[in-house]
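Chemist: Below is the structure I would like to discuss, written out as structure tokens.
Read the figures in this text as sums done on the coordinates, not as results from a lab. If you're wondering where the values come from, they're calculated on a predicted model, not measured in any experiment. Every residue, glycine among them, receives a Cβ derived from its backbone with ideal geometry; neighbour counts consider all protein chains shown.
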Amino acid sequence: MSAFPLLARFGLNRGFDHYDSALGLRDDALGGMRQRSADTTLHRLEPWFEGRKGPPPEHEVPLFLWVHFFDPHADYAAPPPWPSVHPGDPYRAEVAFVDQQVGRLLETLRRRRTSRELRLVVTSDHGEGLSDHDESTHGALIHTTTIRVPILVRTGSYEPDFVAAPVSVERIPATLLALLGLDPELNPGSAPELTDPPTPVHAETLYPYFNFGWSGLRSREENGWRLITGPSDRLYRIVDDPGEVRNVAAAHPEIVADLKEGLEEEWAKQEATAFRAAPRDLSADEAEALRSLGYVAGGTDDHQVDGDRAFRTGADPHLRLAIVDSINLGLTLLRDARPSEAVDTLRRVVEEEPANRFALEHLARALRDAGRLEEARATFREAVATGRCPELVHLELANVEKQLENRAGAEEALAGALAANPRSVEARKALAQLLVNDERFEPALVLLDEALQIRPRATGCHVSIAQIYERLGRYDEAAAHWRRLLELDPDGRFGDIARAALQRGDPGAGSR
């Protein structure tokens with residue numbers, strides 16, 4: 001896989017014999033999104049084939065292979081020669097680059113799996129707006145521009161065919177089982193096969209709700225009609241108007257009512273049968289990276305969504321898309337180390353929407369990066385005052401307070417971080433550091449021990465605890481944490497720190 005949202009830590013590795021999600025430390029996209037290019041992903045796949053142990057090719061066992069490419073996401077930056085092949089169209093250039101890599105993957109499979117039939121499914125999770133319906137990228141709206149994606153299924157048992165009816169991607173698992181001759185109903189409640197009769201197709205977005213405080217949107221497509229509902233209703237006769245240009249909701253109130261009733265029934269059914277995953281501990285940066293892509297607030301307690309509030313209150317995203325573009329421009333300027341320009345761009349957004357928490361957050365970051373700390377503090381506080389502020393904003397406010405030598409303000413901000421996320425490891429580490437600065441070592445150790453109970457592999461906590469124990473002269477306890485660091489990061493920076501500390505040894509040992 002090729003991007004942060006699919007890391008093994010989120011549980012998607014379950015059932016795989018091998019799951020490669022080592023992305024390294026490259027943070028080069030909005031929200032600190034770690035990713036790798038399609039050619040890099042394939043470069044890591046080919047040695048896996050080389051290193052496989054097993055029977056000779058003529059006795060090849062079945063293989064399920066899932067390969068994920070992330071490239072066609074903003075900002076678009078295809079490698080040469082694709083920008084020159086599609087000049088002025090960076091999105092198409094990235095799609096062409098990925099298409100080339102898919103061909104490379106298929107050639108690898110044909111070369112290495114000569115005695116096995118290739119059964120192929122190619123699809124995507126979304127498209128890009130590219131200014132259709134005034135949406136530049138994706139996430140804020142759920143028009144067919146971004147929701148309708150191709151599903152290509154190829155196998156020797158299928159006759160060539162084209163299915164124009166809408167089909168939900170939730171049918172793909174059952175389709176794969178059927179291709180393998182397995183009963184798709186092995187999993188009770190599983191989706192129908194791809195070849196089964198059409199059923200209503202649903203979509204939703206909570207990206208506007210979590211990031212901007214606007215309303216979320218839901219849609220239902222059935223019998224040639226498509227309804228998008230939120231603060232207002234938009235109805236399209238999709239068979240005659242595939243581009244969703246003509247909103248005919250006012251002319252067909254009975255169809256709107258029927259589709260909304262079906263949508264509410266589906267929502268209630270999904271709520272009743274949804275699998276409740278155990279909460280996963282994420283760092284504040286990780287939660288922010290997921291939130292920036294609309295992944296249910298990054299897995300915090302915000303995933304408990306009040307449907308009435310999320311889809312019926314707040315501004316209509318359709319009327320706010322210019323603000324999304326302005327915010328994205330501000331984020332790009334920030335990423336490109338142009339904070340003063342980002343301040344000007346984001347300030348205009350805040351003037352238009354003073355309670356837009358997302359804009360306030362990034363305006364505060366731009367002010368901080370521009371060295372305007374007093375203004376950054378005031379703006380971070382405005383963001384916090386909007387309510388439902390993510391942990392990271394409280395942590396960044398605490399850092400600004402510390403830079404301004406406001407110890408009480410830093411403590412208050414860190415308390416806010418813990419209120420936003422009671423399992424915050426970062427807030428405990430920062431509070432512990434404040435206590436260490438006052439030489440209050442025992443309460444600092446309590447906080448760091450709590451952090452390790454939440455995240456046992458938190459290398460920074462082990463370093464801090466070991467250093468405190470050394471200052472207290474408790475060298476055996478310090479050594480235990482240095483050794484644990486060697487286990488966690490034997491070849492990395494923390495491993496080097498631990499190795500040096502253990503070589504240094506107990507400075508008091510010679511006198512005892």
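Chemist: Sequence-distant or interchain residues sharing an amide H contact under 5 Å with Trp225, placed H: which?
Modeler: Result for Trp225 returns Ile238.
Chemist: Further question: When the helices in the chain are scored as -39500 (n - 2.57) per DSSP H run of 4 or longer and the sum is shared across all residues, what 222 nm value do you end up with, to the nearest 500 deg cm²/dmol? Don't skip to the answer; put the middle values down first.
Modeler: Details: 20 runs with 243 residues, N = 512.
Result for the chain: -15000 deg cm²/dmol, rounded to the nearest 500.
Chemist: List His318, His394 from most exposed to least, where exposure is judged by having the fewest other Cβ atoms within 10 Å. Intermediate values should be presented prior to the final figure.
Modeler: Working: His318 21, His394 27.
Lowest to highest Cβ neighbour count: His318, His394.
Chemist: Cut-off is 10 Å between beta-carbons; in what order do Asp438, Asp316 appear when sorted fewest neighbours first?
Modeler: Final ranking by Cβ density, sparse to dense: Asp438, Asp316.
Chemist: Using the Cα centre of region 380-512 as the reference point, and only Cβ charges (+1 on K/R, -1 on D/E), how large is the resulting charge dipole? Debye, rounded to the nearest 20.
Modeler: The calculation lands at about 240 debye.
Chemist: Output ³J(HN,Hα) for region 419-436: one whole-Hz value per residue in order, computed from phi by the Karplus curve 6.51 cos²θ - 1.76 cosθ + 1.60 with θ = phi - 60°, and x for Gly and Pro.
Modeler: In residue order, the calculated couplings are 5, 5, 9, x, 9, 5, 6, 4, 5, 5, 5, 5, 5, 4, 5, 4, 5, 4 Hz.
Chemist: Does anyone have the angle between helix 38-51 and the longest principal axis of the chain? Alpha-carbon axes, 0 to 90°, nearest 10?
Modeler: It works out to around 80 degrees.
Chemist: Order by neighbour count: Trp82, Trp267, fewest other Cβ atoms within 10 Å first, most last.
Modeler: Values: Trp82 21, Trp267 16.
Ranking Trp82, Trp267 by Cβ neighbours within 10 Å, fewest first, gives Trp267, Trp82.
Chemist: Among His68, Thr199, Thr114, pick out the residue whose Cα is farthest towards the positive end of the charge dipole of the chain, where Lys and Arg carry +1 and Asp and Glu carry -1 on C-beta, about the Cα centre.
Modeler: Checked the options; the winner is Thr114.
Chemist: Calculate the dipole size of the chain relative to its Cα centre from +1 charges on Lys and Arg beta carbons and -1 charges on Asp and Glu beta carbons; express the result in debye to the nearest 20.
Modeler: Values: 60 positive and 83 negative charges, 313 e Å.
Result for the chain is approximately 1500 debye, rounded to the nearest 20.
Chemist: Give the long-range amide H neighbours of Leu217: residues separated by 5 or more places, or on another chain, with amide H under 5 Å away, using H modelled in the peptide plane at 1.01 Å from N.
Modeler: Thr205
Chemist: Counting Lys and Arg as +1 and Asp and Glu as -1, what is the net charge of the other residues whose Cβ lies under 10 Å from the Cβ of Glu135?
Modeler: Local net charge: -4.
Chemist: Further, regarding this structure: Angle between the Cα long axis of helix 373-385 and the longest principal axis of the chain, 0 to 90 degrees, nearest 10?
Modeler: 60
Chemist: Could I ask something else about it? What is the extension gain from Glu442 to Asp240, computed as 0.36 nm multiplied by their sequence separation minus the C-alpha to C-alpha distance, in nm to one decimal?
Modeler: 65.6 nm
Chemist: Using only Cα atoms, find the angle between the long axis of helix 391-403 and the longest principal axis of the chain, and express it within 0 to 90 degrees, rounded to the nearest 10.
Modeler: Helix 391-403 sits roughly 30 degrees off the main axis of the chain.
Chemist: May I pose another question? Hey, can you rank 248-257, 449-458 by average C-beta count inside 10 Å, highest first?
Modeler: Top to bottom by mean Cβ count within 10 Å: 449-458, 248-257.
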